[in-house]
């Protein structure tokens with residue numbers, strides 16, 4: 001693998017062996033992700049060709065917007081998995097969890113233990129990109145009480161924390177792990193988020209990575225790859241996802 005200065009390294013060249021993607025939106029029609037089962041299948045086929053071992057797809061669960069349940073997600077997963085073998089997609093392993101917005105609905109679900117873990121005791125959670133939840137400490141208490149370990153999705157996208165990293169220190173100290181979107185490092189969300197994502201990596205805040213892929217356009221962006229100066233760091237981070245096997 002060559003990492004030449006100022007040259008983009010294609011995505012497939014930086015993926016470590018047996019990589020597990022822990023953040024995506026590939027169950028059709030239940031959130032802002034893929035719309036059809038064949039769009040899902042195409043993206044999974046490409047992921048399989050890239051050498052990705054497993055995808056744990058994570059539909060949104062968000063009060064009043066996408067109030068998905070464990071039932072709707074597991075049903076959607078079953079339908080998708082039935083389509084893959086006839087299409088020749090047999091090597092990639094597919095599972096489902098959820099990306100939980102830390103809102104009132106999540107608070108109720110966590111208290112009722114109606115949760116689809118990402119793996120073992122890990123759950124993927126997110127905040128609004130406009131502001132953190134007012135009752136964040138209370139929500140974290142309930143997460144811990146239920147025995148879960150929260151992984152905060154895409155911390156690089158929360159602009160309200162960009163100038164106050166002490167807030168991130170507090171989150172880490174309180175028990176959050178951080179998952180960075182690979183799309184952020186591609187510049188998909190803009191240069192500011194790309195730069196902040198790099199900063200979080202360099203300062204050691206990031207624990208895991210995920211594609212957060214929703215559609216073909218994002219797949220094309222991912223395929224183009226990343227700046228060569230970042231490529232080795234990204235590969236090293238991606239290896240951390242092996243714990244989800």
(i) -0.32; (ii) -0.28; (iii) -0.41, with the label sought being that of the calculated log10 I(q)/I(0) by the Debye sum over Cα atoms at q = 0.08 Å⁻¹:
(ii)
By per-residue mean of other Cβ atoms within 10 Å, what is the highest-first order of 47-55, 73-81, 93-101?
93-101, 47-55, 73-81
Computed over the stretch 17-65, the relative contact order (Cα-Cα under 8 Å, seq sep at least six) in percent reads 53 percent
How much mean residue ellipticity at 222 nm does the chain get from its helices, if each DSSP H run of length 4 or more adds -39500 (n - 2.57) and you divide by all residues, to the nearest 500 deg cm²/dmol?
-11500 deg cm²/dmol
Roughly what % of Cα-Cα distances in the stretch 45-114 sit above 16 Å, to the whole percent?
54 percent
Which whole-number percent is the relative contact order of the chain (Cα, under 8 Å, 6+ apart)?
26 percent
Once you've got the GNM for the chain with C-alpha springs shorter than 10 Å, pick whichever of 202, 21, 31 has the biggest mean-square fluctuation.
202
Once you keep just the Cα pairs under 8 angstrom separated by 6 or more residues, what percentage relative contact order results for the stretch 42-152?
27 percent
Values of log10 I(q)/I(0), in the order q = 0.09, 0.15, 0.16 Å⁻¹, for the stretch 101-245 under a Debye, Cα-only, solvent-free model:
-0.28, -0.79, -0.89
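Readers should treat all values here as calculations from the given coordinates under stated rules, not as data from a laboratory. Source: prediction; values computed, not measured. With ideal geometry, Cβ positions are generated from the backbone for all residues, glycine too; neighbour counts draw on all protein chains shown.
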